[in-house]
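The values are calculated or read from the model by the stated rules, or taken from the named source; none is laboratory data. Note that the coordinates shown come from a computational prediction; the quantities given were computed from them, not determined experimentally. Heads up, the Cβs are rebuilt from the backbone with ideal geometry, glycines too, and the neighbour counts pull from every protein chain shown. All accessible areas refer to the heavy atoms of the entire protein, side chains included, with ligands and DNA or RNA removed. Shrake-Rupley method; radii C 1.70, N 1.55, O 1.52, S 1.80 Å.
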Amino acid sequence: MEGGGFVAASKVNIYEGRVTAFVICTCLIAASGGLLFGYDLGISGGVTSMEPFLKKFFPSVLEQQSKASQTENQYCKFDSQLLTLFTSSLYLAALVASFFASIVTRIFGRKISMLAGAVAFLIGSILNGVAMNIGVLIFGRLLLGVGVGFANQSVPVYLSEMAPASIRGALNIGFQMAVTIGILAAGLINYGTAKIEGGWGWRLSLVLAVVPAVVMTAGSYLLPDTPNSILERGQPEKARQMLQKVRGTQNVDAEFQDLLDATEAAKKVDQPWTSILQPRYRPQLVLCILIPFFQQLTGINVVMFYAPVLFKTLGFGDDASLMSAVISGIVNVLATMVSIYSVDKFGRRMLFLKGGAQMFIFQIAVGTMIAVRFGVNGDGELSRWDANILLLFICAYVAAFAWSWGPLGWLVPSEICPLEIRSAGQGINVAVNMIFTFIIGQVFLSMLCHMKFGLFFFFAGFVVIMTVFVYYFLPETKNVPIEEINQVWKQHWFWGKYIPDEGLVGLSRNDEGRDT
């Protein structure tokens with residue numbers, strides 16, 4: 001059986017144009033939206049490992065830590081549903097916000113959606129920093145979730161629509177690069193604020209989220225909207241001018257015609273949320289559900305937003321746990337650069353498959369090492385040598401995710417949907433991502449307490465399943481113009497039966513006189 005498949009270069013239009021400074025700058029500014037998600041991922045785990053924060057809002061967790069240390073059960077130090085609710089409530093809010101964001105993105109444009117998300121995140125950051133009770137703390141976190149939901153819905157779509165096909169992957173992964181930078185910055189800030197005397201360092205950690213929020217607010221205000229979005233809102237001349245500016249050439253007739261064709265198809269769809277359920281959109285619907293589902297079932301958020309808690313649980317000291325989170329954050333950034341370099345050169349499928357294999361190997365290694373050192377009862381400790389080896393294994397796992405499922409989990413869903421269902425498809429992608437981020441965030445500490453080292457084998461099993469799925473069901477989309485992605489689906493061994501001929505934008509013009 002043929003795996004994945006790809007579309008031949010001769011089957012798609014090669015548009016005129018060049019990579020302009022304008023498109024690079026706009027995409028870099030838009031990608032800063034990833035800072036919101038990344039900073040929060042990195043900051044929450046560090047803050048929830050700080051004793052003054054726990055004493056203020058979660059005193060029962062401190063008491064539980066003390067009991068766990070007396071029994072020497074390393075697995076159950078932080079098993080608190082209230083504490084995990086603080087972290088995971090953001091993702092519930094992002095889930096709800098993603099549905100509204102898809103409507104705003106489609107009707108008012110990608111730019112307005114990004115701006116709305118940035119403002120919500122800004123307000124939430126301030127509330128978290130000044131919170132004096134758990135109610136204000138959770139409300140501020142819900143507003144952060146609204147910001148993340150809007151940003152994650154609109155930014156990847158914006159990047160995919162603005163970027164030339166030849167470097168669409170690299171520019172879109174700018175979003176994930178911003179996420180990793182946000183995580184790293186948060187780790188460094190947590191390491192510094194944890195040392196502030198007086199026990200108020202956690203407030204500084206939380207309130208500094210205003211920095212990426214301000215960057216995103218200013219950036220989204222200054223950005224132009226995409227030609228696709230402008231045309232979708234009935235302004236063809238403005239859309240053509242923007243396309244000429246983005247591509248650096250006056251001759252954009254072929255690409256503009258494909259945008260017109262896509263827009264005409266989009267006008268026939270009044271309800272993208274119901275239309276995406278039609279058989280003709282079955283491949284996009286399945287991938288927009290399963291890719292974010294699998295991305296979360298890699299177990300990455302176990303490491304990223306609980307890194308300090310995880311390391312502390314496994315026997316690292318307070319400073320060592322925060323510094324270990326910083327080290328894994330640096331690895332995250334560097335490995336994402338590998339993806340930026342290789343995604344348009346070697347393709348999406350290769351990164352998915354190689355990354356899956358590496359994640360599996362090192363998850364098994366982490367689980368095995370924890371099993372040997374702590375056993376079933378959680379009674380044990382890590383030597384300095386053991387701790388360094390465990391950190392090395394975790395960093396190798398983080399690196400594999402950072403150049404595969406991390407960026408590609410946002411890139412692929414944003415580029416595979418035709419214009420008429422693009423906002424709905426990305427809304428589903430964000431919603432599924434947030435549902436399972438919430439679920440894993442809420443149950444992880446309990447799972448660690450009850451499943452123990454088996455938790456890492458659990459996630460490794462899902463890595464095997466999703467890697468096999470990619471091999472058979474994900475076609476290659478590198479260098480294919482975004483409005484012609486349906487041609488890739490049409491030629492796929494399994495998905496081709498769902499794609500009608502009339503859904504192939506540009507096919508008659510490109511393939512005239514030869515079989516398709």
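Couple of notes before you dig in:
- Pick from the stretch 196-252, criterion of a type in the set (K, R) and touching a residue at least 12 places away in the same chain (Cβ under 8 Å), ranking: most open to solvent (accessible area, probe 1.4 Å): K245
- Of the residues making up the stretch 453-474, those that are open to solvent by less than 40 Å² (accessible area, probe 1.4 Å), under 17 Å from F362 (Cα atoms) and touching a residue at least 60 places away in the same chain (Cβ under 8 Å) number 8.
- Boolean, M177 is part of a helix (DSSP H, G or I), open to solvent by 10 Å² or more (accessible area, probe 1.4 Å), touching a residue at least 40 places away in the same chain (Cβ under 8 Å) and under 16 Å from L36 (Cβ atoms): yes
- Count of the stretch 42-58 residues which are assigned to a helix (DSSP H, G or I), farther than 14 Å from V207 by Cα, open to solvent by less than 10 Å² (accessible area, probe 1.4 Å) and modelled with pLDDT of 80 or more: 1
- Tally, over the stretch 379-390, of residues that are open to solvent by 20 Å² or more (accessible area, probe 1.4 Å) and under 29 Å from the mean Cα position of the chain (by Cα): 2
- Qualifying residue in the stretch 451-467 (condition: over 27 Å from R106 (Cβ atoms), in contact with a strand residue (DSSP E or B) (Cβ under 7 Å, 6 or more places away or on another chain) and of a type in the set (D, E, K, R)): no
- Residue within the stretch 2-22 that is of a type in the set (S, T, N, Q), in contact with a Ser or Thr (Cβ under 9 Å, 6 or more places away or on another chain) and either modelled with pLDDT under 80 or not in a loop (DSSP other than H, G, I, E, B) (or both) present: no
- Residue within the stretch 147-166 that is open to solvent by 10 Å² or more (accessible area, probe 1.4 Å) and hydroxyl-bearing (S, T, Y) present: yes
- Sole exception among (1) part of a helix (DSSP H, G or I); (2) open to solvent by 10 Å² or more (accessible area, probe 1.4 Å) for V376, by number: (1)
- Here F473 qualifies as at pLDDT 95 or above and either touching a helix residue (DSSP H, G or I) at 6+ places or on another chain (Cβ under 9 Å) or among the acidic types (D, E) (or both).
- Flag if A186 is open to solvent by less than 10 Å² (accessible area, probe 1.4 Å) and at pLDDT below 90: yes
- Residue count for the stretch 325-349, restricted to those that are assigned to a helix (DSSP H, G or I) and either open to solvent by 40 Å² or more (accessible area, probe 1.4 Å) or of a type in the set (G, A, S) (or both): 15
Each row is one residue, and each column tells you yes or no for (1) modelled with pLDDT of 95 or more; (2) under 21 Å from T437 (Cα atoms); (3) open to solvent by less than 10 Å² (accessible area, probe 1.4 Å).
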| site | (1), (2), (3) |
| --- | --- |
| F311 | no, yes, yes |
| D318 | no, no, no |
| M323 | no, no, no |
| L351 | yes, no, yes |
| G355 | yes, yes, yes |
| F360 | yes, yes, no |
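- On inspection, G406 qualifies as in contact (Cβ under 8 Å) with a residue 24 or more places away in the chain and buried (at least 18 other Cβ atoms within 10 Å of the Cβ).
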